[in-house]
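Below is one structure, written out as structure tokens, with a few remarks after it.
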Amino acid sequence: MKALSQKRRHPLAAVALLLLGLMLTGGLYAVATTANQAKAATTYSANDVQEGGKLFIANCATCHGMGASGSPDGPSLVGVGAAAVDFQVATGRMPMQAQGPQALQKPRQFNDEQTHELAAYVASLGAGPAIPEAKYTDGGGDAANGGVLFRVNCAMCHNAAAAGGALTRGKFAPALAGVSNQHIYEAMVTGPQNMPVFNDANITPSDKRDIITFLDTIEATGSPGGAALGSLGPVSEGLFIWIAGLGVVIAFTVWLTSRTS
Amino acid sequence: MSTAAETPYKPATATGRITDFVDQRVGGSGLLREFGRKVFPDHWSFMFGEVALYSFVILLLSGTFLTFFFDPSMAESVYNGSYVPLKGVDMSVAMNSTLNISFDIRGGLFMRQVHHWSALLFTASIAVHMLRVFFTGAFRKPRELNWVVGGVLLILSLADGFTGYSLPDDLLSGNGLRIIQGVISSIPVIGTYISFFLFGGEFPGTAIIGRLYVLHILLVPAMILLMIAIHLFMVVVHKHTQYPGPGRNDRNVVGYPLGPVYAAKAGGFFFIIFGVIAAIAALFTINPIWNYGPYDPSPISAGTQPDWYIGWVDGALRLMPGWLLGIPLEWNIPFPWGVNTLSLNVLIPALVPAGIVFTVLFIYPWIERWVTKDDREHHVLDRPRNAPTRTAIGMAGFTFYCVLWAAASSDLIATHFNVSLNDVIYWLRALLFLGPIVAFTVTKRIALALQRKDREIALHGRETGRIVRLPHGEYQEVHAQVDDYKRFKLVGYESPEPSAGVPNRNGIVTKQEKRRALLSRFFFEDRVAPATPAELHAAHGHGHEEIEASDKTKEVAR
């Protein structure tokens, strides 16, 4: 403690304290906001449908209309299926906070049971994509085949390293790291926001499983060559060499010429 | 005379004997005496050329390592290396061998990253070096030709960078190559022929990687080496420039001799640069081709950009509208032999901005020489503020470049700052034209303001922040005179005056001369003249008398 009290007037003490405080706050926040993983369920009881209907009227009908028939503010949900509800609600995108270019991911509003009931209700309105079977989302497929499919079908928006990318007028394709396998599958079959639908005729369920496996693999492998700089390609590399690289070089040139003149 | 002259010189040590042996046969001591006594001034901003040179040496070393394992063939192969997410994927031999360098050859990934990072540093340090030379006026006589050689080196480094970027045959570089192919095809009449000639048929063909490889490792580096030799030779001939200071003029160079101080410093600096690049290469990944996958003309990844130094051309392509004021920029012109397409929406952004920047860059020394009619040699540099118009022109060009550069990352600006991609494009389009004007005006005003501040300090000293109350109640801030060394920096600069058109032999002021006079006025009409010795004398004498005088009157009054 004596050493600590002696160092308290060190010029860097304030910086160190600030850093410590920021890391503590950030760490606690990260722990506190970790969302639960959604679990797949495929059977709905009449009670689920009834409870889901009540939740729907209270939380969703303002935009999606009574009976989910749609309104000027939100599309009809008849026939979108349980998968769409599970994706939108469990990732926190629905209910939407405000109308905007696209629904943003945020802390989810409904727990697993409520999400299940809402999905049951919407699924009861018309046939649509169901929540996928666990065998397609286990990440045990062929990563290399998934990679080929990902580059052909997904990379133009989500980036080859799944780091996300821009679309027109404020819309964007999000980064895919940290998204659960089930949600990725559901996104492919339902095409949320501006994403196109990749139905089973387009990409078979086993190919979807390969894509999920590819995403799992690259997330688990990490970056073999060192810090990935956001996997954003040459822009972050260029920024890095100009700011960090040249910055260090300039510091050295100043040091080398400072002893004289 | 004495017998001592006839007895051969006998060195005492082994080193001495070896040196003497070599010297008697190749006569190195004369060279060493000449070069070892070459004096170089000391300033951190003079070292970027060195950074570029060292990066180039590192490029040669790491590049040689890579050529041992890289196979520039576009033959089809199946990847069977250790990177799981690509196992069993069809790809060219070039991509396959690059992946093997990355994952299966000891130290290969590190060397690839050293090579690529040093390429980025190479081009960046050339750019900064040229900015330094421009803003300090080091391109003036006698260095105009060396400035041109430097410009050629810049273009060569871009060429070597781009050819190298394309070699791994991954998705990212393949997309880049496709854009270049599109640009070439947009050249009227001959474009398609050049494209077919370059790619050996339809894009992508099976020839381009091998051809780029030859350019990348043989032709372009050889030209760079030649240009570096010419560049350094001219530096030796011209001697190095120096910043203004007491005792420094256009006939001397104040600094340290090459040997031993600079030889040691420069040698050490090489290892510092190598160390910095090695540390970056070890800690940060660059061009992760395993993410991009093999090239296939159908897919494209979000966030596809060229390396930073080609970014501005990509940015120009992104900013160019396809339609302008309701008129399409792609014209299909019917000819008797069929319809030919003129794609101005590709041709203009790909060639015009780069054409403007490089033309102005190459001819600027002559523009300034013509405007100022200055034919003297300049070895003392200008502080950027002391050439306000040149500094402002430089900043305008820099802004123009940076807007194009930013446009190449328009999609990442949109996602990372949560703004609409369309708005980013609209703003950058406006900024491309307005930005340089704003930058010119603001820079010029700042430079003139700094000059006025310098003049004020030279004449009246710097403000000390000490307020004294005089006996009669008046408050004054005490100004401290700066010492002579500092003052020299504030007053010792050239400030050309605008020169009116001079009649020629027939007594006529020609149109060209009138234009020159107009430009001269544009350059120098609002100049801030440096304080003259007379002004300095008057100001200093005056200041002291004032305080003393007021003290005396007080005494008398009492």
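Where a number appears in this text, it was derived from the coordinates with a stated rule and is not lab data. Since the model is a prediction, treat every value here as computed from it, not as a measurement. With ideal geometry, Cβ positions are generated from the backbone for all residues, glycine too; neighbour counts draw on all protein chains shown.
Would you kindly compute the Cα radius of gyration of region A:132-223 and its largest Cα-Cα separation (Dmax), both in Å?
For region A:132-223, the Cα radius of gyration and maximum Cα-Cα distance read 12.2, 38 Å.
Mind pulling up the Rg/Rh value for the protein assembly as shown? Radius of gyration and Kirkwood radius, both on Cα.
The Rg/Rh ratio comes out at 1.06.
At 0.36 nm per residue, minus the direct Cα-Cα distance, what do B:Thr206 and B:Asn504 gain on full extension? Give it in nm, one decimal, please.
So the extension gain works out to 101.0 nm.
If I fit a long axis through the Cα atoms of helix B:388-407 and take the longest principal axis of the Cα atoms of chain B, what angle between them do I get, 0 to 90°, rounded to 10?
So the inclination is approximately 30 degrees.
Given a Förster distance of 22 angstrom, what is the FRET efficiency for B:Lys141 paired with B:Val438, based on the Cβ-Cβ distance and rounded to 0.05?
0.10
Taking every pair of alpha-carbon atoms in region B:273-406, give the share separated by more than 21 Å as a whole percent.
Distances greater than 21 Å cover 67 percent of the Cα pairs.
So how do A:Ser258, B:Ser73 line up by other beta-carbon neighbours within 10 Å, fewest first?
Exposure proxy ranking, most exposed first: A:Ser258, B:Ser73.
With everything on Cα atoms, drop me the angle between helix A:81-90 and the longest principal axis of chain A, reported from 0 to 90° to the nearest 10.
For helix A:81-90, the angle is close to 30 degrees.
At 7 Å along the Cα-to-beta-carbon direction for both B:Ile356 and A:Ser258, put a label point, then send me their distance in nm to one decimal.
Label at B:Ile356, label at A:Ser258, 4.1 nm between them.
Find, among the chymotrypsin sites (Phe, Trp or Tyr not before Pro) in region B:255-344, those assigned to loop by DSSP (not H, G, I, E, B) with at most 16 other beta-carbon atoms within 10 angstrom.
B:Trp337
Towards the positive end of the charge dipole of region A:77-232, with charges on Cβ (+1 Lys, Arg; -1 Asp, Glu), say which of A:Gly128, A:Thr91, A:Ala228 has the farthest Cα.
The Cα lying farthest towards the positive end belongs to A:Ala228.
Whole-Å semi-axes of region A:53-96's equivalent ellipsoid, largest first, each the root of 5 times a Cα gyration tensor eigenvalue?
Equivalent-ellipsoid dimensions as semi-axes: 15, 11, 10 Å.
Say each of A:Val152 and A:Ile243 gets a label point 7 Å from the Cα, pointing the same way as Cα to Cβ; how far apart are those two points in nm?
3.8
As a test, work out the antiparallel percent of DSSP beta bridges whose residues both lie in the protein assembly as shown, rounded to the nearest 5.
90
Compute the helix-to-body angle for A:181-190: its Cα long axis versus the longest principal axis of chain A, expressed 0 to 90° and rounded to tens.
Taking Cα atoms only, the helix is inclined about 60 degrees.
Scan around B:Gly200 for amide H atoms under 5 Å from its own, H built in the peptide plane at 1.01 Å from N, and keep only partners 5 or more places away or cross-chain.
For B:Gly200, whose amide H was placed from the backbone, there are no distant partners under 5 Å.
Please check which bits of region B:67-104 a label hung off B:Leu218 would reach, taking the label as a point 7 Å along Cα-to-C-beta and the cut-off as backbone N under 14 Å.
Answer for this model: B:72.
If you place +1 on the Cβ of every Lys and Arg and -1 on the Cβ of every Asp and Glu, how big does the dipole about the Cα centre of region B:143-302 come out, in debye to the nearest 20?
700
Rg and Dmax of region B:28-135 over Cα atoms: what are they, in angstrom?
Calculated on Cα positions, Rg and Dmax stand at 20.4, 63 Å.
Across 20 Å bins from the origin, how do the percents of Cα pairs in chain B run, short distances first?
Going out from 0 Å in 20 Å bins, chain B shows 16, 40, 31, 11, 2, 0 percent.
Using r as the Cβ-Cβ distance of B:Arg178 and B:Met234, and R0 as 56 Å, what FRET efficiency do you calculate, to the nearest 0.05?
Here the calculated transfer efficiency is 0.90.
With a point put 7 Å past each Cα toward its Cβ, work out how far B:Ser29 is from B:Asp104 in nm, to one decimal.
Here the answer is 5.8 nm between the modelled labels.
Using the Cα atoms of region A:37-130, I'd like the radius of gyration and the largest Cα-Cα distance, Dmax, both in angstrom.
Reported Rg and Dmax, both Å: 12.1, 36.
With a bin width of 10 angstrom, please list the P(r) values of region B:341-438 as percents of all Cα-Cα pairs, from the 0 bin to the one holding the largest distance.
For region B:341-438, the pair-distance distribution reads 13, 34, 28, 17, 7, 1.
According to the Kirkwood expression over distinct Cα-Cα pairs, how big is the hydrodynamic radius of region A:108-261, in Å?
18.4
Using a cut-off of under 15 Å, list every residue of region B:186-202 whose amide N is near the label point 7 Å from the Cα of B:Trp337 along the Cα-to-beta-carbon line.
Zone members listed by number: B:188-194.
Shape of region B:228-306 from its Cα gyration tensor (a ≥ b ≥ c, root eigenvalues): rounded if a/c is under 1.5, otherwise prolate when a/b > b/c, or oblate?
Since a/c reaches 1.5 and a/b is larger than b/c, the shape of region B:228-306 is classed as prolate.
Give the whole-number value, in cubic angstrom per residue, of the convex hull volume spanned by the C-alpha atoms of region A:202-261.
Here the figure is 84 Å³ per residue.
Out of residues 5 or more away from B:Tyr256 or on other chains, whose amide H comes under 5 Å of its own, with H placed 1.01 Å from N in the peptide plane?
Correct list: B:Phe40, B:Asp42.
For chain A, what class follows from the C-alpha gyration tensor (a ≥ b ≥ c being the square roots of its eigenvalues): rounded when a/c is under 1.5, otherwise prolate if a/b is larger than b/c, else oblate?
The shape class here is prolate.
Which entries of B:Lys141/B:Lys514; A:Lys208/B:Lys87; B:Lys265/B:Lys444; B:Lys38/B:Lys265; A:Lys171/B:Lys87; B:Lys141/B:Lys489 show an alpha-carbon separation above 26 angstrom in the structure shown?
B:Lys265/B:Lys444; A:Lys171/B:Lys87
Please state the Cα pair-distance histogram of region B:70-228 with 5 angstrom bins from zero: what percent is in each bin?
With a bin width of 5 Å, the distribution comes to 2, 8, 13, 17, 17, 14, 12, 8, 5, 2, 1, 0, 0.
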